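Undergrad: The structure is given below, and queries will be raised subsequently.
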Amino acid sequence: MTLRLAIVGLGKIARDQHLQAIAATDGVELVAVASRHAGLDGVANFPTLEELLAGDVGVDAVALCTPPQGRHELAAMALAAGKHVLLEKPPGATLGEIAPLVAAAQRGGLSLFATWHSRFAPAVEPARAFLKRHAPRKVSIVWKEDVRVWHPGQDWIFEPGGLGVFDPAINALSILTAILPEPAFVTGADLAFPANRQAPIAAELDLRGASGLPITAALDFLQSGEQSWDIRIETDGGRLLLSKGGARLTRDDAVLIDEPEQEYRGIYRHFVELCAAGRSDVDLAPLQLVADAFLLGRRRSVEAFAW
Ligand SMILES: NC(=O)c1ccc[n+]([C@@H]2O[C@H](COP(=O)([O-])OP(=O)(O)OC[C@H]3O[C@@H](n4cnc5c(N)ncnc54)[C@H](OP(=O)(O)O)[C@@H]3O)[C@@H](O)[C@H]2O)c1
């Protein structure tokens with residue numbers, strides 16, 4: 001049976017990725033959009049999720065593509081109405097707001113999918129398999145992009161709960177927590193907050209694996225010129241480099257994977273499977289690392305940010 005899906009929040013990621021991925025995936029069909037300022041030809045349009053749920057369009061599932069702040073209320077409303085829910089990353093603005101959603105999904109026999117799109121990048125599974133056989137010795141993450149290019153005008157990103165530079169960097173942490181053969185935790189953080197904003201624009205993190213594995217992360221949201229989405233891992237079987245956000249994998253400079261990413265197709269294939277099986281997939285490990293960086297971080301005030 002085809003899953004009848006509604007998108008909530010027709011913004012950048014919904015247009016850049018979700019629409020094409022849904023169209024390309026068997027078993028799911030876009031039937032409606034709920035967005036206050038945007039609409040789409042060929043589907044039913046509503047200004048809000050509340051009005052969509054009160055309407056007479058048959059919908060089995062919703063994909064929440066709104067900013068993280070306020071997503072809990074939308075997810076709770078959709079689950080209460082008997083809909084499966086796909087959450088864009090991060091799954092919420094806090095860790096605590098997720099457990100009630102997991103419980104509601106379970107009570108209703110519904111699927112809740114907290115997506116981490118970077119985990120569907122082509123290099124991730126091969127890197128995980130490699131690290132199972134060859135112990136990592138040292139990990140360094142460099143995640144540096146230009147917020148003005150990738151998130152133009154998105155003020156929510158610098159509001160409380162918007163995560164600032166951790167909005168992209170949580171993608172690196174989602175890969176890290178998927179490929180390491182051991183859990184990792186934050187041991188120190190330096191967070192640079194623009195004087196006029198509520199979320200960091202740059203950060204340096206120290207983490208450690210359970211075995212003592214040293215991990216560092218250098219994160220910047222003001223990177224001009226070449227953009228970096230790299231994870232370097234020294235292992236007892238050579239040097240691994242995941243680059244281009246996980247689209248490319250090299251080992252000692254030999255290219256193992258270099259493919260165009262199709263992360264969102266992987267997301268929707270998995271969502272269709274989850275809904276068919278009545279299962280949920282909610283892993284909070286990446287958001288927990290970010291929360292711990294905020295808990296432990298030294299805070300520096302830096303130059304005010306303007307778009
Ligand atoms: N941009 C990316 O490259 C990217 C990549 C992967 C994941 N994501 C994630 O996807 C989510 C959305 O990101 P986005 O880049 O698509 O953001 P966006 O361009 O700002 O779009 C979000 C949409 O949600 C709606 N919305 C509802 N409540 C809102 C509020 N309080 N403030 C702002 N917009 C609100 C808006 O549509 P209406 O005004 O029409 O309601 C808006 O267009 C975030 O969690 C982000 O981390 C983004």
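Undergrad: Would you please classify the overall shape of the chain from the alpha carbon gyration tensor, given that a ≥ b ≥ c denote the square roots of the eigenvalues, rounded means a/c under 1.5, and beyond that prolate means a/b larger than b/c while oblate covers the rest?
TA: Details: a/c = 1.77, a/b = 1.41, b/c = 1.26.
In terms of gyration-tensor shape, prolate.
Undergrad: So if R0 is 22 Å, what FRET efficiency would Glu51 and Ala76 give, r being the distance between their Cβ atoms, rounded to the nearest 0.05?
TA: Calculated value: 0.85.
Undergrad: Counting each DSSP H run of 4 or more residues in the chain as -39500 (n - 2.57), what helix-only mean residue ellipticity at 222 nm follows after dividing by all residues, to the nearest 500 deg cm²/dmol? If you can, show how the numbers build up before the last one.
TA: Working: 9 runs with 87 residues, N = 307.
The helix-only estimate for the chain comes to -8000 deg cm²/dmol at 222 nm.
Undergrad: Quick check: the angle from helix 285-296's long axis to the longest principal axis of the chain, C-alpha only, nearest 10 degrees?
TA: Relative to the chain, helix 285-296 is tipped by roughly 60 degrees.
Undergrad: Where the centroid of each part is defined by its Cα atoms, how far is the stretch 135-214 from the stretch 1-22 in Å?
TA: 26
Undergrad: For the chain, please report how many Lys pairs fall under 27 Å Cα to Cα, leaving out neighbours fewer than 8 apart on the same chain.
TA: 11
Undergrad: I want to check the label-to-label distance for Ser140 and Leu296. Put each point 7 Å from Cα in the C-beta direction and report it in nm to one decimal.
TA: For the pair Ser140/Leu296, the computed spacing is 2.0 nm.
Undergrad: Right, another one. Could you give the dipole magnitude of the chain about its Cα centre, charging the beta-carbon of Lys and Arg +1 and that of Asp and Glu -1, in debye to the nearest 20?
TA: In debye, rounded to 20, the chain gives about 520.
Undergrad: Magnitude of the Cβ-charge dipole of the stretch 3-114, K/R +1 and D/E -1, about the Cα centre, nearest 20 debye?
TA: That gives the stretch 3-114 a dipole magnitude of about 240 debye.
Bear in mind that the values in this text are calculations on the coordinates, not laboratory data. Bear in mind that the values here come from a model prediction, so they are computed numbers and not experimental data. With ideal geometry, Cβ positions are generated from the backbone for all residues, glycine too; neighbour counts draw on all protein chains shown.
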